[in-house]
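Note sheet for the following structure.
Read-outs: derived from the displayed coordinates by stated rules, not from any lab. If you're wondering where the values come from, they're calculated on a predicted model, not measured in any experiment. Note that each Cβ is placed from the backbone with ideal geometry, even for glycine, and that neighbours are counted across all protein chains shown.
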Amino acid sequence: MSNPVIVAELKRIAAEHDGELRPSDVVEAARPKNSALHSKFEWDNTEAAERYRLWQARQLISVTVEYIGSGKEAMITRVFVSLTSDRKEDGAGYRATVDVMADAGQRKQLMADAAKDMERFQEKYADLKELAQVFSAMRKVSAGHGKARHGQERPAVARI
């Protein structure tokens, strides 16, 4: 978000708390109706509670894991993944990871989603030169996945 009024208000709140910006302080500052932040929150408690339960359900789904395989070959994996194509206005839809991995089209979508996540990671941590090798590896993966099966070049997904 690049609203200068919001940025200034968040900086003001952080400054009042020794440079630390805590969500609870932001909510408290947003309570007055004349606050620049007030409209950014849902103040109807019934609606807010329902949204929170949906957030909790998404969290539960996204952290549910299981072991695949057995013995030394067993690996832990997420049970469900969310593909961009399944995300609707009300949040995210989820599919069983094993089903997505078995379907070529869905697996391709998951790889494209992963490439976008890598791009966001690179943008978020671009100032950390210590991650240069990680960024390089990410570019190689994205560029390698950008090639079609028959050697035809396709544009790489990642920009960085």
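Write out the GluC sites (Glu not before Pro) in region 7-92 meeting two conditions: DSSP loop, and at most 10 other Cβ atoms within 10 Å of their Cβ. Working shown, then result.
Working: sites: 9, 16, 20, 28, 42, 47, 50, 66, 73, 89; in loops: 20, 42, 89.
In loop regions of region 7-92 (DSSP not H, G, I, E or B), the sparsely surrounded GluC sites (Glu not before Pro) are 20, 89.
Counting only DSSP H runs of at least 4 residues, each contributing -39500 (n - 2.57), and dividing by the residue count of the chain, the helix-based mean residue ellipticity at 222 nm comes to -16000 deg cm²/dmol. Between residue 6 and residue 56, the simple spin-label model (points 7 angstrom out along Cα→Cβ) gives 2.7 nm.
Stretched out straight at 0.36 nm per residue, the stretch from residue 72 to residue 33 would grow longer than its current Cα-Cα span by 8.2 nm.
Hand me the trypsin sites (Lys or Arg not before Pro) from region 1-97 located in a DSSP loop with no more than 11 other Cβ atoms within 10 Å, in residue order please. Could you put the intermediate results ahead of the total?
Values: sites: 11, 12, 33, 40, 51, 53, 58, 72, 78, 87, 88, 95; in loops: 33, 87.
Those that pass, being in a loop and sparsely packed, are 33.
Roughly what % of Cα-Cα distances in the chain sit above 22 Å, to the whole percent? Intermediate results must be reported in sequence, preceding the final value.
Working: 8296 of 12720 pairs.
More than 22 Å apart: 65 percent of the Cα pairs in the chain.
Rounding to the nearest 20 debye, state how big the charge dipole of the chain is about its Cα centre with +1 on each Lys and Arg Cβ and -1 on each Asp and Glu Cβ. Intermediate values should be presented prior to the final figure.
Details: 26 positive and 24 negative charges, 148 e Å.
Dipole magnitude for the chain comes out near 720 debye.
Which residue fluctuates the most in the chain, going by a Gaussian network model with Cα springs under 10 Å, if the choices are 113, 25, 103? Top of the fluctuation ranking is 25.
Here the extension length gained between residue 46 and residue 101 equals 15.9 nm, from 0.36 nm per residue of separation less the Cα-Cα distance.
Compute the semi-axes of the equivalent ellipsoid of region 43-102, taking the square root of 5 times each eigenvalue of the Cα gyration tensor, and list them largest first in whole Å. Semi-axes, largest first: 30, 14, 5 Å.
Taking the chain as a Gaussian network, Cα atoms linked when under 10 Å apart, which of 125, 52, 94 shows the biggest mean-square fluctuation? Top of the fluctuation ranking is 125.
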